[in-house]
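Below you'll find the structure, written out as structure tokens, and then a few comments.
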Amino acid sequence: MTAANGMNNMALAHEIAVEKDFKLQKVDPPDNSIHKLVKETLHRAFWEKLDAELKEVPPNFTQAMVLLEDVKENFMLLLLPYQTKLKEHILEILDADLIRQQAEKGILDFQHYAQYVISLMGKLCAPIRDEKVSELTQIQGVVPMFKGILETLDIMKLDMANFTINVLRPDIIAISVDYEKNKFAEFLKIQTDGLQYTRKWLLQHLMNARNYDVIVSEDKIAIHNLTACILEEAYLELLEWDDLNPYPETLMMDQARFTDLGNRFYHLVVIGSVLLVTAGTAQSLQGVAAFKNKLKQHITVLLENIYTNKDLEKIMPNIAEQVIMEVAEGLETYGFKPLDSTSEKLLKGQIVEIVKDDHKIRELVRVRVREFIQQTISLSRAVPLRVPPGLSSLQTELAAVSGQFLRLVSHNRAVFGEYYADIIANGVSASASASASVNE
């Protein structure tokens, strides 16, 4: 349990560090789940019991006491450390003994406490919740009103947690690397082999034939450079990851993010290929930025939720039709000669052919996009990079993908770089020893 909590804390710190817009969200049980059914049943039973007790003659305030105590505890969670006087005031007004005495004497005004609580919520809530708190005063019936109060208090607690995260974010980011290092080290102590798939991921790049001379020589400078190259190739592999392979342990917390980047990489390659093929046939429009941007946007819409060649094959005829239509409109709009039927048919066929992995234009675009991203993560300092030839229309998208990829890679390398270096060094040593044995 301790280890699980440690990994959960590590995951939370990691999310805050790498996601600048990270916020805690309310998580509801899935519809039709046992969890949701039980939760709704218990809540309904609580409010029905409260309603029944308040309707007794004289009223029974047993459940109401539990409710007010819960409200008081919620307020304690919303207060900032310096709000000591307000804390004392709340504890005085919502004092359990005082409320119990009022109940025993039959003078407890539950509606009065509801109005006090709502007034206090109005002072403590974020401005965005003012309207919601104000709506509570319009609710008829003390039970529905308190039900609304508790629901709103839950939202306010989430607001406070996110406010605290924003305030502490710079400090969390500053210590996140060391914190994640320590938590992962604790995880490795109880795990039989917590780097099994990470090792497999890196060593497959080490065994690349072009590294053979370096592996055999064991030259320290060469191995240092080799390590950097291996990491670049290994990270780039994440953009085209084979889902049949287990994901490296050191990347599990970012798997969804790398998968999303891989999908965006796939779209960049397809869109770039379509634009280049189109430019080859409709050369008159090659320098018309507005045409290329419009075509790019429409292709992007058609590619929504398309991340595999199997799905791409189904949608490619539609993309080809879209291209033909927009080329015709573009040529007419800008006063160029229209394509003849033969050229249109040829262009349509070329667009459909892009679905093939070995398509020459597609492979060219893939290499150019990949090399652009590789340059981004290989540079020791931030410098402007030249957009690959023929892909100027994708400059914004390229910058967004490579920028996010760089942030993830930089953080991951800072946390796990020592493990990676050890794995590669041990792999080099083992390969060198094996080579020496063969040569003896």
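The values are calculated or read from the model by the stated rules, or taken from the named source; none is laboratory data. Quantities reported herein were computed from a predicted structural model and do not represent experimental measurements. Methodologically, a virtual Cβ is constructed for each residue, glycine included, from the backbone with ideal geometry; neighbour enumeration extends over all protein chains shown.
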Among the numbered conditions (1) surrounded by fewer than 11 Cβ atoms within 10 Å (Cβ to Cβ); (2) within 30 Å of Asn225 (Cβ to Cβ); (3) among the aliphatic types (A, V, I, L, M); (4) at pLDDT 95 or above, tell me where Val367 comes up short.
(1)
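Please find, within the stretch 203-258, the residue that is modelled with the lowest pLDDT out of those that are polar (S, T, N, Q) and surrounded by fewer than 16 Cβ atoms within 10 Å (Cβ to Cβ). Before you say what the answer is, go through the steps one by one.
Within the stretch 203-258, the subset polar (S, T, N, Q) is 204, 208, 211, 217, 225, 227, 245, 250, 255.
Of the ones still in play, those that are also surrounded by fewer than 16 Cβ atoms within 10 Å (Cβ to Cβ) are 204, 208, 217, 225, 245, 255.
Values: Gln204: 90, Asn208: 69, Ser217: 60, Asn225: 83, Asn245: 94, Gln255: 96.
The qualifying residue modelled with the lowest pLDDT is Ser217.
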Mind checking which residues of the stretch 11-33 are closer than 30 Å to Gly403 by Cα, in a loop (DSSP other than H, G, I, E, B) and touching a helix residue (DSSP H, G or I) at 6+ places or on another chain (Cβ under 7 Å)?
Phe22, Lys23, Leu24, Lys26
What number of residues within the stretch 166-176 are closer than 18 Å to Asn8 by Cβ and surrounded by 15 or more Cβ atoms within 10 Å (Cβ to Cβ)?
2
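Going residue by residue through the stretch 182-197, is there one that turns out to be among the β-branched types (Val, Ile, Thr), touching a residue at least 60 places away in the same chain (Cβ under 8 Å), outside any loop (DSSP other than H, G, I, E, B) and not assigned by TED's automatic domain parsing to the domain that holds Ala64? Reasoning before the result, please.
Looking only at the stretch 182-197, we keep the residues that are among the β-branched types (Val, Ile, Thr), and these are 190, 192.
Next cut, touching a residue at least 60 places away in the same chain (Cβ under 8 Å) only: 190.
So of that shortlist, the ones also outside any loop (DSSP other than H, G, I, E, B) come out as 190.
This time we only want the ones that are not assigned by TED's automatic domain parsing to the domain that holds Ala64, so: 190.
Looking for residues that are among the β-branched types (Val, Ile, Thr), touching a residue at least 60 places away in the same chain (Cβ under 8 Å), outside any loop (DSSP other than H, G, I, E, B) and not assigned by TED's automatic domain parsing to the domain that holds Ala64, one finds at least one in the stretch 182-197, hence yes.
Anything in the stretch 310-339 that is polar (S, T, N, Q) and either surrounded by 14 or more Cβ atoms within 10 Å (Cβ to Cβ) or more than 37 Å from the chain's Cα centre (by Cα) (or both)? List them, or say none.
Taking the stretch 310-339 as the starting set, the residues that turn out to be polar (S, T, N, Q) are 318, 322, 333.
Scanning the stretch 310-339 gives Gln322, Thr333.
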Members of the stretch 284-330 found to be within 22 Å of Leu346 (Cβ to Cβ), β-branched (Val, Ile, Thr) and in a helix (DSSP H, G or I), listed by number:
Ile299, Ile315, Ile319, Val323, Ile324, Val327
Between a first residue in the stretch 331-352 that is in contact (Cβ under 8 Å) with a residue 60 or more places away in the chain and over 23 Å from Asn309 (Cβ atoms) and a second residue that is β-branched (Val, Ile, Thr) and assigned to a helix (DSSP H, G or I), which pairs have beta carbons less than 7 Å apart while being 6 or more apart in sequence or on different chains?
Ser343/Thr281
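When you check Leu275 against the structure, is it over 23 Å from the mean Cα position of the chain (by Cα), modelled with pLDDT of 95 or more and in a helix (DSSP H, G or I), yes or no?
Numbers: over 23 Å from the mean Cα position of the chain (by Cα): yes; modelled with pLDDT of 95 or more: yes; in a helix (DSSP H, G or I): yes.
Yes; evaluated as a whole, the condition is true for this residue.
If you check Thr396, Thr342, which single one turns out to be over 30 Å from Leu226 (Cβ atoms) and over 25 Å from the mean Cα position of the chain (by Cα)?
Working: Thr396 fails: over 25 Å from the mean Cα position of the chain (by Cα).
After applying the criteria, what remains is Thr342.
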